Amino acid sequence: MAVYTEVSAEQAGSLLAQLGLGPLVAMQPIGSGIENTNYFVTTPEGEWVMTLFERLSHDQLPFYLRLMQHLAQRGLPVPEPRANAQGGLVQTVAGKPAALVNRLQGESLDAPDLHHCRELGGVLARMHLAVADFPLQQPNLRGLPWREATAPVVRPHLAAADAALLDQEMAHQRELHASAAYQALPAGAVHADLFRDNAMFAGLPGRERLSGVFDFYFAGTDTFVFDLAVVLNDWCVDLDSGRLDLPRAEALMSAYQAERPLSGTELRLLPALRRTAALRFWLSRLSDWHLPREASLLQPKDPAHFERVLRDAAERPWHADV
């Protein structure tokens with residue numbers, strides 16, 4: 001959510017007119033995140049988030065936007081893209097593909113507790129169930145082919161110990177992905193980036209409800225247990241040490257399985273998929289850190305955190321027994 005492309009009031013107003021939302025009242029750039037350009041937009045009709053896509057093409061975007069529409073229409077707390085008069089969800093602003101979605105209410109959490117993890121576990125499971133009839137397919141663009149391409153680019157920037165860890169994990173991933181057990185895992189459209197800053201809660205302290213899951217622009221077709229591993233590696237990990245917090249992990253898993261019980265193979269491969277998820281985000285942060293793109297308000301994140309998460313996942317595999 002960095003700002004790579006400056007948008008004028010006139011350009012934003014033109015989009016709003018196309019979408020039948022009235023004149024622009026206010027517009028504010030969003031400085032968090034690193035992939036796309038985002039603005040909060042206010043009109044007489046309400047509050048919205050305008051996104052300009054810096055890497056994704058017009059042809060790729062229908063998958064993400066239709067997935068959000070699909071989940072929102074099934075009652076999940078997901079922003080719904082606004083369609084134009086022709087029913088299209090992909091727009092153009094400042095020469096870039098763009099979309100406008102309703103702004104959800106609530107706040108993101110820096111330190112989720114057991115209640116928040118239970119809330120998220122239940123919603124994540126319902127999201128996985130809801131995509132059973134979602135017709136579109138698109139590979140996870142941060143899947144194994146991307147990792148194979150990115151690893152040799154960032155490797156020269158690593159100290160010897162970290163380069164050895166990268167080599168070891170890439171070999172592990174190739175073996176995992178080639179296995180019959182992995183190939184048989186249940187899969188579908190997944191968020192693939194559901195960190196604590198991509199969800200919001202609203203309500204009284206201790207009784208908050210999960211009011212929003214957003215930023216679906218890393219979504220893709222992948223295994224459901226990979227999506228679960230991404231969540232465990234952020235919501236249930238100590239930010240200082242990178243170690244898994246077992247009470248939070250158990251709370252999230254229990255709530256997930258109450259909605260969608262995991263198969264025996266999913267449970268058995270969860271430790272390996274935690275390593276997959278940690279490697280994916282270690283590589284992306286290494287790339288953003290050492291090979292940054294120019295952007296106003298850009299805030300690259302320290303890759304050392306996910307190096308610690310990866311080491312912990314490899315050295316102390318957690319086997320869920322809920």
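Springs join every pair of Cα atoms under 10 Å in this Gaussian network model of the chain, and among D197, D167, D222 the largest mean-square fluctuation is at D167. Each of H58 and S108 was given a label point 7 Å from its Cα along the Cα-to-Cβ line. The distance between the two points is 3.0 nm. Among rounded, prolate and oblate, which fits region 158-206 when a ≥ b ≥ c are the square roots of the eigenvalues of its C-alpha gyration tensor, a/c under 1.5 means rounded, and a/b larger than b/c means prolate? Oblate.
As a test, work out the antiparallel percent of DSSP beta bridges whose residues both lie in the chain, rounded to the nearest 5.
Values: 31 of 32 bridges.
Restricted to the chain, the bridges split so that about 95 percent are antiparallel.
In the Gaussian network model of the chain, springs joining C-alpha atoms below 10 Å, which of D133, D113, D302 carries the largest mean-square fluctuation? For the chain, modelled as a Gaussian network with Cα springs under 10 Å, the answer is D133.
Relative to the longest principal axis of the Cα atoms of the chain, the long axis of helix 246-259 makes an angle of roughly 70 degrees.
What's the center-to-center distance, using Cα atoms, between region 1-64 and region 72-147 in Å? Cα centroid to Cα centroid, the span is 16 Å.
By a 1.4 Å probe calculation restricted to protein chains, H128 has an accessible surface near 10 Å², given to the nearest 10.
The GNM of the chain, with springs linking C-alpha atoms under 10 angstrom apart, assigns the highest mean-square fluctuation among A99, A180, A17 to A180. In the full protein context, the chain carries 42 Å² of accessible surface per residue, based on a 1.4 Å probe and ignoring ligands, DNA and RNA.
Using C-alpha pairs below 8 Å separated by at least 6 residues, the relative contact order for region 29-148 is 22 percent.
Protein heavy-atom surface of region 34-145, 1.4 angstrom probe: 48% of the accessible area is carbon and sulfur, with nucleic acids and ligands not counted. Here, P(r) means the percent of Cα pairs in each 5 Å bin from 0 to the largest distance; for region 90-182 it is 2, 8, 9, 11, 13, 15, 19, 15, 7, 0.
Can you list the equivalent-ellipsoid semi-axes of region 1-66, largest first and in whole Å, using the square root of 5 times each Cα gyration tensor eigenvalue?
Details: eigenvalues 81, 45, 21 Å².
In descending order, the three semi-axes are 20, 15, 10 Å.
Shown for region 227-270: the carbon plus sulfur share of the solvent-accessible area, taken with all protein chains present and a 1.4 angstrom probe, equals 48%.
The values are calculated or read from the model by the stated rules, or taken from the named source; none is laboratory data. Treat the numbers as computed from the prediction; the structure is a model and nothing was measured. Positions of Cβ are generated from backbone atoms using ideal geometry, with glycine treated the same way; all protein chains shown enter the neighbour counts. In case anyone asks, the SASA skips ligands and DNA or RNA and just uses the protein heavy atoms, side chains included. Shrake-Rupley method; radii C 1.70, N 1.55, O 1.52, S 1.80 Å.
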